[in-house]
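K.L.:
Got a structure here, written out as C-alpha cells. Questions coming.
Coordinate-derived values only; no laboratory data. The structure displayed is predicted, hence computed values, not measured ones. Cβ coordinates were reconstructed from backbone atoms using ideal geometry, including for glycine residues, and neighbour counts include every protein chain displayed.
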Amino acid sequence: MSTQTDNHQLLIHCFQDSLTGAALKWYMGLDSTKIRTFNDLCEAFIRQYKYNLDMAPDRDQLCAMSQRDKETFKEYAQRWREIAAQIIPPPEEKEMTKIFLNTLGPFYYERMIASAPSDFTEMVNMGMRLEEGVRQGRLVRESVPTNSVRKFGSNFQRNKEREVSMVTHGRPQQQYPGYQPQFQQKPQQQYQQPYQPQFQQRPPQQYQQQPNNQNRIPRTPQFDPIPMTYAELLPALIE
C-alpha cells in the first residue's frame, strides 16, 4: 500500500469502504468538486468530527464509574479500560490501577487494598479469582439490602404512633369550651311609602254647539246698472 500513496483515487475509494452509518451518509453528501485529493478528504473529515476531541472522557468520568448489576468483574474491567484508552493524555499504569481500585465495591476493595498490584492486568486477574471464590462458596459477598431503609422507616412510624397513644391515654385530655359568638339583632325599620304629589283635576270644559248654517240661502251680489249699451261699451274696452 505504501507504493500507492500518490494514487488519490484508490485511497479515497478505500476510505469510503471503511465508513458506515452516519459517517457514510456524511461522505455521500460531500461536494465532489471540493474533494479532488485524498488530503482534501482528510481535512473535511477532521472538520466534521473534531467535536469528538472536545467530548472525550476525562479522569473524573473514570472515577465516577462503577460495576453494574449482573456484570462480571472482567466485563467491568474491559468497559472501564475502553473509556480509559480515550483519555488524552493517557494515564500511566500506576495511576490507572489506583483509579480503578477506587471504583470497586467494598468486597473487592477491602481484599485488594493491602496488596494492590501496580499492573492493571494483574489487578483484573485478582478480581476474577475473588469472584471465582464467591461462585464456589469459599467467600461470602455480603450485599446491603435495599429495603433496610424502608424497614427502619416503618418501625419508626410504629414507635411514634405507640408513644402518641401512651401520652393520649395516660393524661386526661383537656377540653376547651366551644366559643359561641353572640350577635345583636338590630330593630327592624318600618317601611315608609315614598311621597306621591297630588294633582287637582280640572272639570271638563263644555263646548257650545254652533248653529248649523246649512239651511241659510246664499245672497246674490247686486251691481249698479251701466249707463250705456254694450255696443257703445265694446270700443272703449278694446282701446
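K.L.:
Rank by packing, highest mean first: peptides 104-111, 84-91, with packing defined as the count of other Cβ atoms within 10 Å averaged across residues.
P.N.:
104-111, 84-91
K.L.:
Residue by residue, what Karplus-based ³J(HN,Hα) values in Hz, rounded to whole numbers, does the stretch 125-132 have, using 6.51, -1.76 and 1.60 with θ = phi - 60° and x for Gly and Pro?
P.N.:
Going residue by residue, I get 5, 5, x, 5, 5, 5, 5, 5 Hz, with x marking Gly and Pro.
K.L.:
Below 8 Å between Cα atoms, with a sequence gap of 6+, how large is the relative contact order for the stretch 59-136 in percent?
P.N.:
About 35 percent, as a whole number.
K.L.:
Work out the length of the dipole vector of the stretch 1-67 about its Cα centre, built from +1 on the beta-carbon of each Lys and Arg and -1 on the beta-carbon of each Asp and Glu, and round it to the nearest 20 debye.
P.N.:
I would put it at about 120 debye.
K.L.:
Now, a different point. For the stretch 70-77, take each phi angle, set θ = phi - 60°, evaluate the Karplus expression 6.51 cos²θ - 1.76 cosθ + 1.60, and give the result in whole Hz per residue in order, putting x for glycine and proline.
P.N.:
Values, residue by residue: 6, 10, 5, 5, 5, 5, 5, 5 Hz.
K.L.:
With a sphere of radius 15 Å drawn around the Cβ of L233, what net charge do the other residues whose Cβ falls strictly inside it have (Lys, Arg +1; Asp, Glu -1)?
P.N.:
Summing Lys/Arg as +1 and Asp/Glu as -1 gives -3.
K.L.:
Something else about it: Counting other beta carbons within 10 Å of each Cβ, put F73, F15 in order, fewest first.
P.N.:
Listed from fewest to most nearby Cβ atoms, that is F15, F73.
K.L.:
Ok, one more. So how far apart, in nm, are the two label points at Q136 and F15 if each is 7 Å from Cα heading toward Cβ?
P.N.:
Those two pseudo-labels are separated by 5.5 nm.
K.L.:
Please list 3J(HN,Hα) in residue order for the stretch 6-19, calculated via the Karplus relation 6.51 cos²θ - 1.76 cosθ + 1.60 where θ = phi - 60°; whole Hz, with x for glycine and proline.
P.N.:
Values per residue, Gly and Pro as x: 8, 8, 5, 5, 5, 5, 5, 5, 5, 5, 5, 5, 8, 8 Hz.
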